[in-house]
Amino acid sequence: MPVSSIDFPELEAAPVNLKTALRHLPLAPPVVVDPATTLRDTLRAIDAHASEAAVVVDPASAVPLGIVTLRDAVRAIVDEDCSLDVPAAVVMTGGLASLSADATVHQATVLMFRRGMRHLILTGADGRLFNIVSQGDLYGMQAADSASLADAILAARSIAELATQTGAVRRFSARRLAEGSGPEALCEWISALNDLIALQAIDLVEAGFELPYVPWCWIVFGSEGRLEQTLVTDQDNGIVFLAAPEQAAELRERFLPFAAAVNDALDACGFPRCTGNIMAGNPEWCLSLDEWKQRFGGWMAVPEPEALLKASIFFDFRPLYGREDLVGDMQRWLLQRARGNTAFLRAMAVNALAQEPPLSWWRDFRLGGGPKYPHTLDLKGQGIRIFVDVLRIHALAHGIEHTNTVERLRSVRAALGMPPAEAAAVGAAFYQLQRLRLHNQVHGEYPSASNRLNPDRLHRLDRQILKEAFLQARGLQQRLRMDYLD
């Protein structure tokens with residue numbers, strides 16, 4: 001039985017995964033040279049540290065200027081008849097993209113895939129060199145076939161070509177599931193590959209539009225915002241742009257045709273349009289930064305349960321394409337106002353407690369589904385959603401920036417007074433439900449309702465695991481009830 005890497009008591013010792021901050025990767029210290037160092041001495045330094053590259057750093061500011069790789073050196077010596085006595089600055093590749101050391105493995109992986117980069121410079125908040133990360137440091141966490149799949153996605157030059165890759169991602173995921181990949185890693189890679197498809201679609205569509213010359217960002221919500229996508233997922237997205245109040249309406253009208261075209265492209269690529277119309281092509285979700293703040297502020301100021309039920313998906317967001325700092329600004333603003341807002345958190349708690357795990361009082365399953373899906377339960381609505389909703393509330397209450405459900409659990413465990421073993425059990429239950437969802441999406445009885453499961457189809461062990469997972473969900477709800485309603 002595949003189990004998640006969360007199945008151990010020391011929950012704080014989080015495994016390296018796509019949500020890990022780059023600064024926490026077990027990287028060797030970088031090989032650093034100044035611009036005047038000769039190519040000969042640069043190669044000696046690289047060899048002495050058994051490295052692949054050296055970073056050329058300005059000695060005065062400690063700001064990275066470029067990188068010299070073994071490949072660069074060989075090309076310069078063989079193809080350009082370059083002397084070993086030339087300065088490193090002559091041979092280096094400059095102008096490389098860099099990332100903050102606080103960015104995640106997911107962000108670095110997507111960036112390196114898109115740019116075809118073998119190395120990525122990491123910087124601190126002051127712009128100084130922090131370290132360097134290579135493809136080997138990141139791609140060692142994936143199979144070679146996912147790398148070739150990413151290359152095929154990025155090679156697509158039309159939406160029609162790109163659409164064929166969605167099926168390839170589904171087949172890749174189903175194969176990895178059959179081979180025993182854990183649900184945490186599999187959901188992360190599905191999200192990463194889907195990100196690449198979405199990014200490529202936006203690139204292809206943007207080429208046909210003349211967008212306003214203002215900072216803007218494509219945002220994703222829901223399971224995509226949490227890096228928890230499974231094999232069946234629809235669109236949940238929006239746009240944030242920077243504008244003065246008097247300019248917002250005009251700029252929105254200029255963004256909307258582009259946004260609608262991206263929504264159409266994603267639909268063609270196998271990501272169905274959101275039935276609730278939570279998409280960037282809807283004027284309701286194509287807003288200036290100030291308008292987004294007003295929208296969130298309204299939900300928190302007048303926390304009507306029905307409105308929050310519809311809007312809860314928006315509290316799990318992350319940037320996908322464009323100016324990420326706009327989304328960071330919005331998230332910090334939101335967390336500052338959510339903390340201590342008792343009425344808002346209480347209303348969220350009421351919604352999170354409205355759906356109960358499908359267990360009867362004698363601990364058997366409580367089944368439904370009507371005549372269309374008889375004798376079934378809903379793995380998403382009656383299981384996964386409970387974990388997501390409860391841990392979202394705790395994260396908002398404690399100012400936690402993470403949107404991923406288990407990262408939220410790790411971050412709030414100590415504040416909730418939850419023993420590590422209990423938190424590990426909660427995380428394991430969440431991932432076991434994800435595993436059963438993924439398996440059901442491949443082999444389930446109802447392709448049109450991929451989260452509906454007849455538990456009688458499970459073998460005895462998985463049936464017991466499912467019961468225990470629902471019991472963990474019930475325990476989370478009981479804790480939430482005591483914190484906000486009792």
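Averaging 1/r over each pair of different alpha-carbon atoms in segment 22-139 and inverting the result gives 14.4 Å, the Kirkwood hydrodynamic radius.
Taking amide H atoms as placed 1.01 Å from N in the peptide plane, the amide H of Phe130 lies under 5 Å from those of Leu122, Thr123, Gly124, each 5 or more residues away in sequence or on another chain.
Taking the Cα centre of the chain as origin and charging only Cβ (+1 Lys, Arg; -1 Asp, Glu), how large is the dipole, in debye to the nearest 20?
So the dipole magnitude of the chain works out to roughly 1680 debye.
Remark: Glu188, Glu224 ranked as Glu188, Glu224, counting other beta-carbon atoms within 10 Å and listing the fewest first. Restricting attention to the chain, close to 75% of DSSP beta bridges with both partner residues there are antiparallel. Dipole size of segment 22-139 about its Cα centre, with +1 on Lys/Arg Cβ and -1 on Asp/Glu Cβ: approximately 380 debye, rounded to the nearest 20. Amide H contacts of Leu359: Arg366, each under 5 Å away and 5 or more positions distant or on a separate chain (H built 1.01 Å from N in the peptide plane; Pro and chain starts excluded). When the charge dipole of segment 22-139 is built from unit charges on Cβ atoms (+1 for Lys and Arg, -1 for Asp and Glu) and taken about the Cα centre, the candidate among Ala50, Cys82, Gln135 whose Cα reaches farthest toward its positive end is Gln135.
Computed from backbone phi, the HN-Hα couplings of segment 288-302 come to 6, 4, 5, 5, 4, 5, 5, 5, 4, x, x, 5, 7, 6, 10 Hz, rounded to whole numbers (Karplus: 6.51 cos²θ - 1.76 cosθ + 1.60, θ = phi - 60°; Gly and Pro given as x). Summarising the amide proton neighbourhood of Cys286: residues at separation of 5 or more, or on other chains, whose placed amide H is nearer than 5 Å comprise Ile239. In segment 144-332, the C-alpha radius of gyration followed by the widest Cα-Cα span (Dmax) gives 17.0, 56 angstrom.
All Cα-Cα separations within the chain were binned at 20 Å from zero, giving a P(r) of 21, 53, 23, 3, 0, each value a whole percent of the pairs. Here Cys82, Cys269 are placed in order of increasing Cβ neighbour count within 10 Å, fewest first, which gives Cys82, Cys269. Going by neighbour counts of Cβ atoms within 10 Å, the residues Cys274, Cys187 line up, fewest first, as Cys274, Cys187.
A short reminder: the numbers here are calculations on the coordinates, not readings from a lab. Owing to the predicted nature of the structure, the values given are computational and were not obtained by experimental measurement. As a convention, Cβ positions derive from the backbone with ideal geometry for all residues, glycine included, and neighbour counts pool all protein chains shown.
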